Structures are given as structure tokens and as C-alpha cells.
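Data block below; observations after.
The values are calculated or read from the model by the stated rules, or taken from the named source; none is laboratory data. Source: prediction; values computed, not measured. Using ideal geometry, Cβ is built from the backbone for each residue, glycine included, and neighbour counts are taken over all protein chains shown.
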Amino acid sequence: MIRIPLTSTMQKFFSMLKKARLPYLWLIGYIGISMILANTGIQVTEYTAEMFAGNVSFTGIILPFLLYSLLSLCISSISGIASGLCTARIDRNLRRSLWDSMVHLPFRFYQDNRPKEMISRVTTDITAVSQLVMQIFLEFITTFYTCALILGKIYSYDLKLMLTLLVILPLQIIIAWIAGQLRFGFGNEVNQKQAELTQGIAERTGQSLLINILTSYTGYWTSLRAAQGSALRISNIMACQKEELLTDYQTAKGTQGSLFHVNHLMSVEEEPLHSGKLPPREPGAITFQNVTFSYSTEHPILKNVSFTIPANQKTAIIGENGCGKSTILKLIQGFYQADSGTIAKTNPFRRIISS
């Protein structure tokens, strides 16, 4: 189980985002579409307010209202498509980056941790990144832009109302910060339990297809976008936008906790695969002397095994499934250390492989 201090979580988190190779051009395009949608929503709301005030001029109010409403629907559809494409590209790029990092991890990392827990890191945990980028970071930018537009409109209507909204903002920020800290811990704990569940499933299914557990949520901001095209008062829309800004921090902290272990995997120093020199060829006999080894203390695979593999001769290791044939090769290569006994290579000199 991975346990590291929380002091460096933010640094590792943003370092992971750098390695994720985000599709920045697509994200910039999505932000532009969202800003156009925000302006269109404001126009629809203003024309709606004019109609409720009794102004029913066809050319001045009704026709522009219909045109802006249709435009808002079209832009919303384009925005949804762009959001899906950005999400898919983020997931794909991050899976590639995480897999590349896992392949280059030193072998001691797999000895000290539970490799099968990494299944959920690749399949499930990384989906939180696309949710964070699309539904928090980008939504924060577009929502902040929308709030600025709405505050400008409120200022033209009622200065006191705008000042009131700004005065209560610090209190709401404090509440959102406390809630965000709580969600960080919850997100980390939930994903750790999920990783343990995935490990248990993988151990029971052996070499069968890996179980892909997808736990994502969508449509969280659908109601807000619907409100932008409805007949709500502009002050009510401002309340929705401000509430979303404060909720963004809470969700971001929860997502950061969910990605805690992914950050750790991508921050571990990688082991170069294509550098260094091959060890010199040293022909000699390989001797096992009273070797005992077990993957767990309850079920030993090898027990007091002794034999010699002669040099320069073809040697076959045969036996039933599970008797330890592959384990012997792993011990010779140094992937594991024997629990007791000695594995040595002799001729011209004696070299201890494992003891």
C-alpha cells in the first residue's frame, strides 16, 4: 500500500498533468465555444426579461429571442461534441503516459507495492483527470467569464445588489475551502478501497481479461446550461454561477484525492530500459543448495531444494503445474530472493546469486 506525505501532493498533481500531454488546442477551442454560449445565454435572458415586462415587439424582441434561442441550442450541441472529444483525448493520452511510466518503473517498486492494484490506476482512476479538466478547470474559466458578464448587467440595473453579492463572497469561499479539504480525504480513501477491490478480483481471475471498472458521472452542469436559456431572472442566474465557482474547488480537491496514487506512480523515478551494458558472459554451473522460497509464508513453492545445472549443457526443468519451474528461473535471474539456502554460480570462481 502506498503511503506518502500530503505535503507534496499539489506539486506531484500538476507534474502529472504536464506528463498527460493534454490536447491544448482542443481545450482552447472548447473554451471559445463556451464563451460564445455564455454571451448567447445572456442575450436570451435579456430578451426574456423584456417579454415578461410586456414588450412584445416582433422585430425588436420576439424575432431576436427566437434567433438567439436557436443559436444557443446549436452552440450547446457543438459544445457537447467538443467536450466529448476533449475527454476522450485526455483519457487516451494519460493512459499512454501512465502505462509508459509503469513500464519504466524499477523492479524494486513492484516488490515493495501491490502490482495488481495498478489495474484500477490505468482503467478507472485516470478518468478523474478528464473530469477535472473539463468539468472543473475549464468550467471555472467559462463560469468566471459568465459571472463577469452578469455582474456587468447587474451593475447597470442595481449597484447595491452587485455589492451585496461581492460582500458575501469571502464567506462562501471559506465554506468551499473546508468542504474541499474534506473531499480530498474522502476521494483518496474511496480510490484506495477501489484499488484493493480490483486487486482481489485480479487475483481470482488469474490471466483472464482485466476487469474495467468505469465509474464516471456526467451531466453535472446540465441544469445550469438549461438555466442560461430559460426565463430565470438575471440575479438568480448569478447565484447559480457563483455557487458553481465555489463548488469547483470542492470537486477539484476530491478529484485530487482520487488521483493521489496515480500522481505517485507517475512521479517515481523511472528505470532506463535502453542504457547500460550487458553483464559479461560467465559460463559456469548454477547450484541450488537447500533453497526454500514462497510467495507467501503459508504455501512454500520450493522447500530445501538442491540441484546443479551443469555449464554448457542443455538442461530441462520439468514438472506439474505450480511445482515451481518458473519460480526457479525467476530466482536465477534475481527477480526474487530465496527465503533460505544459497544459489551460486561457479567456474572459474564462485559468485553468490541469492542467499
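Summary of values
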{"quantity": "Residues satisfying the stated conditions in the range 295-334, i.e. of a type outside the set (S, T, N, Q), closer than 22 Å to residue 283 by Cβ and assigned to a loop (DSSP other than H, G, I, E, B)", "calculated": "310, 311, 314, 316, 317, 334"}
{"quantity": "Yes/no for residue 61 being part of a helix (DSSP H, G or I), on the phi < 0 side of the Ramachandran plot, touching an Asp or Glu at 6+ places or on another chain (Cβ under 6 Å) and assigned by TED's automatic domain parsing to the domain that holds residue 30", "calculated": "yes"}
{"quantity": "Residues of the range 289-301 classified as under 13 Å from residue 343 (Cα atoms) and of a type in the set (A, V, I, L, M), total", "calculated": "1"}
{"quantity": "First in the range 14-37 and farther than 25 Å from residue 149 by Cβ, second anywhere and assigned to a helix (DSSP H, G or I) and of a type in the set (D, E, K, R), Cβ under 7 Å, 6 or more apart", "calculated": "23/89"}
{"quantity": "Residue in the range 107-115 that is at pLDDT 85 or above and part of a helix (DSSP H, G or I) present", "calculated": "no"}
{"quantity": "Those residues of the range 18-57 which are at pLDDT below 75 and over 24 Å from residue 70 (Cα atoms), in sequence order", "calculated": "19, 20"}
{"quantity": "Scan of the range 166-178 for residues that are surrounded by fewer than 17 Cβ atoms within 10 Å (Cβ to Cβ) and either in contact (Cβ under 8 Å) with a residue 60 or more places away in the chain or under 19 Å from residue 45 (Cβ atoms) (or both), ordered by number", "calculated": "169, 172, 173, 175, 177"}
{"quantity": "Residue in the range 79-93 that is closer than 30 Å to residue 330 by Cβ, modelled with pLDDT of 80 or more and surrounded by 15 or more Cβ atoms within 10 Å (Cβ to Cβ) present", "calculated": "no"}
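Residues are listed down the side, and each one gets a yes or a no for (1) closer than 30 Å to residue 136 by Cα; (2) of a type outside the set (Gly, Ala, Ser); (3) modelled with pLDDT under 85; (4) touching a Ser or Thr at 6+ places or on another chain (Cβ under 9 Å):
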{"site": "262", "(1), (2), (3), (4)": "yes, yes, yes, no"}
{"site": "275", "(1), (2), (3), (4)": "no, no, yes, no"}
{"site": "278", "(1), (2), (3), (4)": "no, yes, yes, no"}
{"site": "313", "(1), (2), (3), (4)": "no, yes, yes, no"}
